[in-house]
1. I'd like the Kirkwood hydrodynamic radius of the protein assembly as shown, using the inverse of the mean 1/r over distinct C-alpha pairs, in Å.
2. Could the peptides A:203-213, A:151-161, A:253-263, B:278-288 be put in order, highest first, of the mean number of other beta-carbon atoms found within 10 Å of their residues?
3. In nm, what is the difference between 0.36 nm times the number of residues separating residue A:128 and residue A:256 and their Cα-Cα distance?
4. After finding the eigenvalues of the alpha carbon gyration tensor for the stretch A:4-47, what semi-axes result from the square roots of 5 times each, listed largest first in whole Å?
5. For the stretch A:58-128, which trypsin sites (Lys or Arg not before Pro) pass both filters: DSSP loop (anything but H, G, I, E, B) and at most 16 other C-beta atoms within 10 Å?
6. Quick one: plug the Kirkwood hydrodynamic radius of the stretch A:158-285 (C-alpha pairs) into Stokes-Einstein at 10 °C, 1.306 mPa s, and report D in µm²/s.
7. Looking at the stretch B:107-199, what % of the alpha carbon pairs are farther apart than 22 Å?
8. How would you rank A:195-201, B:245-251, highest first, on the average number of other Cβ atoms within 10 Å across their residues?
2 protein chains.
Amino acid sequence: MPNIKQIAKIAGVSVSTVSRVINHHAYVSEDKRRAVMEAIVQLNYSRNLNAVHLSKGTTNIIGVMVPSINHAYFSRLMEGISSEALMKDYQLMVCQTNYNPVSEGKVLDMLKMKQMDGIIIGSKTLAWEQIEPFTEYGPIVACEDAGTSAISSVYLDHYDCFRQGMRYLIERGHRQIGFCLGRADSANSLKRRRAYEDALAAIHEAVREEWMFYQCLRIEDGLAVVHQWLRMRERPTALLVTSDQVAAGIITEARKNGIRIPEDLAVIGFDNQPIAQVFDLTTIDNQLFEMGSAAFQMAYDHITKKRTKPENRELGYLLIERSTV
Amino acid sequence: MPNIKQIAKIAGVSVSTVSRVINHHAYVSEDKRRAVMEAIVQLNYSRNLNAVHLSKGTTNIIGVMVPSINHAYFSRLMEGISSEALMKDYQLMVCQTNYNPVSEGKVLDMLKMKQMDGIIIGSKTLAWEQIEPFTEYGPIVACEDAGTSAISSVYLDHYDCFRQGMRYLIERGHRQIGFCLGRADSANSLKRRRAYEDALAAIHEAVREEWMFYQCLRIEDGLAVVHQWLRMRERPTALLVTSDQVAAGIITEARKNGIRIPEDLAVIGFDNQPIAQVFDLTTIDNQLFEMGSAAFQMAYDHITKKRTKPENRELGYLLIERSTV
DNA sequence: TTAATGTATGAAACGCATTTCATGTCAAGG
DNA sequence: CCTTGACATGAAATGCGTTTCATACATTAA
């Protein structure tokens, strides 16, 4: 593989001049520029990016930490990140962690080892305090509320959001309400559960453990929810489901079992994914794509403007009224 | 940021010894090893991976070229790649191309510039001849039939596969059969169309342009198919749909319009994604996950064993009988 | 006892491009 | 005619870890 030195020799110039030509610096005479260009073509030369990265101290790579690559939520989020990264000529290093703390730690280490200029956290299991020290090595932007930590974040208020979903259901006469969440102990889930309990308290309804479904992450998880629902003596008349896919699974299985939507069971989804439109699903749009692109922009700004203090940006959400409530 | 030199100084050894300790080489006395380890902890040292990459000439990074990050097909494929990469301690650089030849070229360039050790092509628009020259810089594995080119590949016989779908429908009495494909001019689509035409010819049925739907990529694309179907005077009684998502969209919209599945319209999907299970959709499982992991393994083998001749591996497929035919 | 091995360690070369600093030329302004 | 700034170019330092080569001592086999 030819290097800059060989180009310099063939073109009859110094390596500095070659570098200037490659990087479009000013102050290179037309003759030499042409000579260099010709040498580059002649030797079929390409820069060794590892040398560039080492020399510059940056890589134009952003790490993306997600528990799973194959999940509608993260796919949409990554699409937002990617679209922005593409425009800024940044590459994405997608790191699947499976919520494994060791894997998550490895991603953080890669930032320290200068393999990437910054990290966007889609979701994680490590505590903020364990992540915080790494902000020293580059911007870390979380796509969830990072609270008072020194981590930047783009997020939405899931308490509010859930409250609004509850309000919407209650206004339409529902009092028997259940929910479907993902990880039981995640910060978001805890907030949602609190919103749920507060909303029920406000209408003097008791909280029932059996109406709370956890580990609802994928479309197929909707089936079990319906089967459990069918076995209950007292059933919720509405479900707040934090994933359109799960909601779609519920609706499909419900219809198969003769359950009318929304008469027998009202459903509100989350994310406003394409599947929600197809199912004519009432859902809360939480702007995942925008969250992804905002997260990238934030990381990018910190890298290029060398900002250090964390930034927090709250995004809005929007209840989309369709036919499942 | 501390470097290996400072560690060496503090530990009272040479940089070679530090490197040996870090890389777990033999022949380092216990005293020095400990001294080095202590210095590393003391200075909170981490290697600069860019220097490592430059020095070693490899990066342990595999590039993944996909048109879209947010698409069930590629998500599943990438999941397969990722699971294998995780085990081998490789990182994934996911490059979204939007089928833009310029973007695709950039990915290939990154291989040449040693930013990655190999490339897995999920799908592309460039011609094989344009890709071939880059195999010189590292293994390129395509997740589609690379024909007689010098590109390695993991693929399945989409002609056969489509023929089998057609046979299944014909055996069940269908003669009016249509299909839904993605890109009209992709190699796979052409093969499928050929299989379709051959199958119809075998039962002496004419080919009808209006029963061929293209650009069917996402769940929402199923709606338009149904609406067109409704407007036809003569309708196909069965559709071969090369995506479970699209099939699910079709089924959902069909049911909404009172079309009975499979009585009025039989549907076969492709991929055997979770959504197919939920919809109890008859589908052809083409082992996307396995394709992804096989592709990674192939790339990995070429990197580590420095093989050069291309390899081609055909995977099987399996028709999953469910209730939509 | 000698030759051959194994263990241990450091100096220096190597991978490659960027960037600062120094130097030099030439034209415009005073 | 001299100063100043724009233009042009190269030498050398810099970023950092890996690896080869040379060296030296301690064993072990012959």
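Every number in this text was worked out from the coordinates using simple rules, so none of it is lab data. Computed from a predicted structure; not experimentally measured. Backbone-built Cβ (ideal geometry, glycine too); neighbour counts: all protein chains shown.
1. With all distinct Cα pairs of the protein assembly as shown included, I get 27.2 Å.
2. B:278-288, A:151-161, A:253-263, A:203-213
3. 41.7 nm
4. Semi-axis lengths for the stretch A:4-47 are 14, 10, 9 Å.
5. Answer by residue number: A:88.
6. Rounded to a whole number, D works out at 112 µm²/s.
7. Taking all Cα-Cα pairs of the stretch B:107-199, the fraction more than 22 Å apart is 40 percent.
8. The peptides rank, most packed first, as B:245-251, A:195-201.
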